[in-house]
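Working notes for the structure below.
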Amino acid sequence: MYSSFPGSTSNPSNVALGGYATQSASSYTEHYASRSIDRNKDTNFMNNSCSTTDFADSPWWRVDLLDVYQISSVVITNRGDCCPERIIGAEIRIGNSLDNNGNNNPRCAVIASMPATLTITNACKMIGHYVNVVIPETNRILTLCEVEVYGGVPKVAFSAALGGHANIGPFNTDKILVYRKVFTNLGNAYNPSTGIFTAPVRGVYYFSFFYHGGTDHGTALSMFMNGQRLATASHRQPAGYAANGSNGVITAVERGAQIYVTLIGGTWGGFISNNNEKRH
């Protein structure tokens with residue numbers, strides 16, 4: 001099976017600028033969350049260029065990027081007129097979940113110190129819809145004068161095969177094929193334990209699959225997306241003969257959609273491979 005979506009991260013841009021920012025409770029009316037994504041890197045808090053929370057347990061700030069991006073780095077500009085040490089211990093978390101306001105997403109970095117320049121760049125090679133900054137400690141305040149999130153459309157591609165030389169099937173019912181021999185899996189969207197590809201980003205994808213097999217039982221494979229059939233390849237040769245087959249499809253895919261290939265009940269296959277490509 002083969003699939004791919006090239007994406008583009010060679011020239012990352014600040015994708016936070018088009019996002020929506022929010023934060024935990026704040027009584028500072030002029031220091032709302034979006035102050036941290038307004039292109040203004042003034043580090044003087046009194047100039048109303050920074051966001052801030054109240055003192056609280058685990059204060060947090062979050063930007064919704066409005067789509068999924070391949071993130072390369074997160075740049076944080078700290079307060080400079082006072083108390084820059086307050087940022088120490090802050091965590092940067094990136095992911096697609098809003099559980100616990102997004103603070104349970106995978107951690108990219110912990111700010112253990114802040115340079116005199118008041119700006120720190122954190123390398124974050126991660127994919128995510130949300131970027132959080134949280135201080136997971138009691139009675140802390142979180143102040144941010146600018147947060148820049150650099151990234152681009154994620155690259156997604158995988159190529160995999162069943163592996164081995166034994167025949168597959170026949171089975172009494174349709175069976176999802178699990179391609180365990182993975183050659184490429186950019187974006188880690190294909191799960192070699194289940195045989196299911198879960199689209200990490202919305203877009204137009206190209207999928208194809210190939211097989212060799214079929215004599216007495218014939219061979220029939222179908223590709224599905226969320227239970228809906230996308231493509232089928234099948235044949236039944238005379239006894240003693242085998243054949244090759246393939247099919248592919250270009251289709252619009254929503255983020256989170258699941259794509260997989262099934263061996264139709266009562267048929268069998270020999271070498272079967274699966275490939276995926278995602279394109280704009």
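Taking amide hydrogens as modeled 1.01 Å from N in the peptide plane, which residues meet the under 5 Å criterion relative to Arg202, leaving out close sequence neighbours?
Val68, Arg255
Compute the distance from the alpha-carbon center of the stretch 20-56 to that of the stretch 107-185, in whole Å.
28
Give the ranking of Thr143, Thr29, Thr198 by solvent-accessible surface, highest area first, calculated with a 1.4 Å probe. List each step's numbers first, then the result.
Numbers: Thr143 15, Thr29 115, Thr198 50 Å².
Order by accessible area, largest first: Thr29, Thr198, Thr143.
What are the aspartates and glutamates whose alpha-carbon lies under 15 Å from the alpha-carbon of Lys155, with same-chain residues fewer than 8 places away excluded?
Asp67, Glu277
Give me the percent of accessible area attributable to carbon and sulfur for the stretch 48-112, probe 1.4 angstrom. Before the final figure, lay out each step's value.
Numbers: 1050 of 2430 Å².
It is 43 percent, rounded to a whole number.
So I have (i) 133; (ii) 162; (iii) 144, and one of them is volume of the Cα convex hull per residue in Å³ calculated from this model. Which one is it?
After the calculation, the listed value that fits is (i).
The values are calculated or read from the model by the stated rules, or taken from the named source; none is laboratory data. These figures come from a predicted structure and were not determined experimentally. Heads up: the accessible areas ignore ligands, DNA and RNA and are worked out on the full protein's heavy atoms, side chains in. Shrake-Rupley method; radii C 1.70, N 1.55, O 1.52, S 1.80 Å.
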